[in-house]
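This report concerns only the one structure given below.
The values are calculated or read from the model by the stated rules, or taken from the named source; none is laboratory data. Note that the structure is predicted; figures quoted are calculated from it, not measured. These area figures cover heavy atoms from the full protein model, side chains too; ligands, DNA and RNA do not enter into them. Shrake-Rupley method; radii C 1.70, N 1.55, O 1.52, S 1.80 Å.
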Amino acid sequence: MADITDLDRPYQAPDFSGWTCPAPLRDQPRIVMGHGGGGVLSGELVQHVFAPAFGGQVLSALADSATVTLGGTRLAFSTDTYVVRPLFFPGGSIGDLAVNGTVNDLAMSGARAAYLSCGFILEEGVEVELVAQVAEALGAAARAAGVEVATGDTKVVESGHGDGVYINTAGIGLVPDGVDIRPQRAVPGDVVIVSGDIGVHGVAVMSLREGLEFGTGIESDCAALGGLVESMLAVTPDLHVLRDPTRGGLAAALGEIASAAGVGVVLQERSVPVPDPVANACAVLGLDPLYVANEGKLVAFVPREHADAVLDAMRAHPLGARAAVIGECVDSHPGMVVARTGLGGTRVIDLPIGEQLPRIC
């Protein structure tokens, strides 16, 4: 496993001048599944349709959660919708995702979630017992995360116009004084740390789908990360960026941060923790683990002078026991993520265009 001293070796940036992309233009007059995948298509939909229509300075930051000030108090505010299939999977359920996903979005601003709203969209004909099981899982996850479901709503759509149960949650939480965590704060010299094994959630969900039985027994990493973030902030409030790499995986998260901050990111590919079941499943499917979704991991951009202490604090927490330094920010190739391979070469880690694995969060 790499440590921070491995990053001191001089980095020779590859020459990308003259490169061309053979991919066709993404002219999509209708919504396709890839628009919900957290990649380039999702970003274009937000930037060219939603952001111009809604306007507003807060939205323009395009972070996991919005940071706003009301009555002199800084709040983080976020919302997300969950359409996972199947509703229950090894290590979790749509109810767990609905709580932990929103709690984690707030945590990526440094906030500890306090209250959630919950909206159920139910398909006509779904069993009430199944809805009750989902609700019980959601309530248990909320209690475990230390948040209260304070308000909600229920809608029913006609049979054939849904997929059993969809859930929307929104959450609010307090941002501590002196904390300013957002993608634009990444700077050259920052150390990039991931909190543990990647790709686990995506493979756990895939393992239940027809034709994708891997026999690995792997369980989703779905978890609320508020406590882990608090342990990191106890070391220093000067964490530059936090992001939970959900849709689009670690690759999408790093690409979005690099683009927002105008920095380059260099990964040490051998240092990225990929468990064997994930690596094996991805090999069978022809997937890159860097693009597989996570639901209980975070990636942090930390000033170099604080990186050792933050890494130690993460490893002392149950949700960060396998935290690892995986790279650094550089001033070359701004907006681009590259990986040093085990063979000594370099490859570009592009943003995914659409969605490799639909309906996993």
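With every protein chain left in place, what is the accessible area per residue of the chain in square angstrom, probe 1.4 Å?
Solvent-accessible surface per residue comes out at 45 Å².
Tell me whether region 202-293 comes out rounded, prolate or oblate; compute the Cα gyration tensor, take square roots of the eigenvalues as a ≥ b ≥ c, and use a/c under 1.5 as the rounded threshold.
Details: a/c = 2.44, a/b = 1.61, b/c = 1.51.
Prolate is the answer for region 202-293, as a/c is 1.5 or above and a/b outweighs b/c.
Once every DSSP H run of n ≥ 4 in the chain is given -39500 (n - 2.57) and the sum is divided by its residues, what mean residue ellipticity at 222 nm do you get, rounded to the nearest 500 deg cm²/dmol?
Only helices count here, giving -7500 deg cm²/dmol.
Expressed as a whole percentage, what fraction of the accessible surface of the chain belongs to carbon and sulfur atoms when a 1.4 Å probe is rolled over the protein heavy atoms?
54 percent
With θ set to phi - 60° and the Karplus curve 6.51 cos²θ - 1.76 cosθ + 1.60, what are the ³J(HN,Hα) couplings of region 316-331 in order, to the nearest whole Hz, using x for Gly and Pro?
Per residue, the Karplus-derived 3J(HN,Hα) values read 7, 9, x, 8, x, 4, 10, 4, 8, 6, 10, x, 7, 8, 10, 8 Hz.
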